[in-house]
Amino acid sequence: MVKGVGIGLRHQHLQQVLNEKPNIDWLEVHSENFFYDNLASYQLEQIADDYPLSLHGVGLSLGSDDKLNQQHLQNLKNAVDRFQPDLVSDHLSWSSIDGNYLHDLLPLPYTQATLNHFADKVKATQDFLGRQILIENPSSYLQFKVSNIPEWEFFPVCQVCVVVVYCLMLIIFM
């Protein structure tokens, strides 16, 4: 179980963690970096024997009007099955439109319709994965005119949506 302080593990440190086995409580990796069978995935498999893992994604685009990308979901499920992480997470954001990925975590309007849509996407993701996921709050670098729920109320409301959604995930990085 994930307890204590974790760090974000990057590719350039995989071998170092394997060699030195530092005194770290748990590790977070970007799930999309480990979707394929390569050296990094093999190294992470070995690391997972010694450390609890958190798979943190940036590509589900849960707030998008696009349907969930089934290939991305299958890749994520394969990674979850392979690495057996304690936590799986993604963002309260959108990053695709009409199947085109924008490679950014874009904020959403704070409305009831947004909450309902987002909750449906989270529920579908959790059903596909067979487990709960955590949701990290988005950066708020713009406001939508249609937003009718203040940001400080929007996140707590997420917790009472159709599914259990944790809108504030606190990760402390060393």
Next item on the list: Please go through segment 1-47 and pick out each residue that is within 20 Å of the chain's Cα centre (by Cα), under 22 Å from GLN71 (Cα atoms) and of a type outside the set (Ser, Thr, Tyr).
Entry: VAL29, HIS30, GLU32, ASN33, PHE34, PHE35, ALA40, LEU44, GLU45
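Is it the case that SER54 is over 20 Å from GLU28 (Cα atoms) and surrounded by 15 or more Cβ atoms within 10 Å (Cβ to Cβ)? Explain how you work it out, then say what you get.
Details: over 20 Å from GLU28 (Cα atoms): no; surrounded by 15 or more Cβ atoms within 10 Å (Cβ to Cβ): yes.
In short, no.
Residue-by-condition table, conditions (1) under 20 Å from LEU55 (Cα atoms); (2) surrounded by 14 or more Cβ atoms within 10 Å (Cβ to Cβ); (3) not acidic (Asp, Glu):
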residue: LEU102; (1), (2), (3): no, no, yes
residue: LEU105; (1), (2), (3): yes, yes, yes
residue: TYR110; (1), (2), (3): no, yes, yes
residue: THR114; (1), (2), (3): no, yes, yes
residue: LYS123; (1), (2), (3): yes, yes, yes
residue: ILE133; (1), (2), (3): yes, yes, yes
residue: GLU136; (1), (2), (3): yes, yes, no
Check: Out of all the residues in segment 30-45, is one or more assigned to a strand (DSSP E or B) and in contact with a Leu (Cβ under 7 Å, 6 or more places away or on another chain)?
Finding: no
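Can LEU68 be described as buried (at least 21 other Cβ atoms within 10 Å of the Cβ), of a type outside the set (Lys, Arg), modelled with pLDDT of 95 or more and touching a Ser or Thr at 6+ places or on another chain (Cβ under 7 Å)?
Details: buried (at least 21 other Cβ atoms within 10 Å of the Cβ): no; of a type outside the set (Lys, Arg): yes; modelled with pLDDT of 95 or more: yes; touching a Ser or Thr at 6+ places or on another chain (Cβ under 7 Å): yes.
The answer is no for LEU68.
On the given criteria, is PHE128 touching a helix residue (DSSP H, G or I) at 6+ places or on another chain (Cβ under 6 Å) and either at pLDDT below 90 or not acidic (Asp, Glu) (or both)? Let's see the steps before the verdict.
Values: touching a helix residue (DSSP H, G or I) at 6+ places or on another chain (Cβ under 6 Å): yes; either at pLDDT below 90 or not acidic (Asp, Glu) (or both): yes.
Against the criterion (touching a helix residue (DSSP H, G or I) at 6+ places or on another chain (Cβ under 6 Å) and either at pLDDT below 90 or not acidic (Asp, Glu) (or both)), PHE128 qualifies.
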Checklist line | In segment 19-42, residue nearest to ASN78 (Cα to Cα) [restricted to those that are surrounded by 14 or more Cβ atoms within 10 Å (Cβ to Cβ) and among the hydrophobic types (A, V, I, L, M, F, W, C)] | finding: PHE35
Note to self: Among the residues of segment 131-174, what is the count of those that are assigned to a loop (DSSP other than H, G, I, E, B), at pLDDT below 90 and closer than 27 Å to LEU76 by Cα?
What the structure shows: 20
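The values are calculated or read from the model by the stated rules, or taken from the named source; none is laboratory data. Remember, predicted model here, so these are calculated numbers, not experimental data. So basically every Cβ, Gly included, is an ideal-geometry build from the backbone, and we count neighbours across all protein chains shown.
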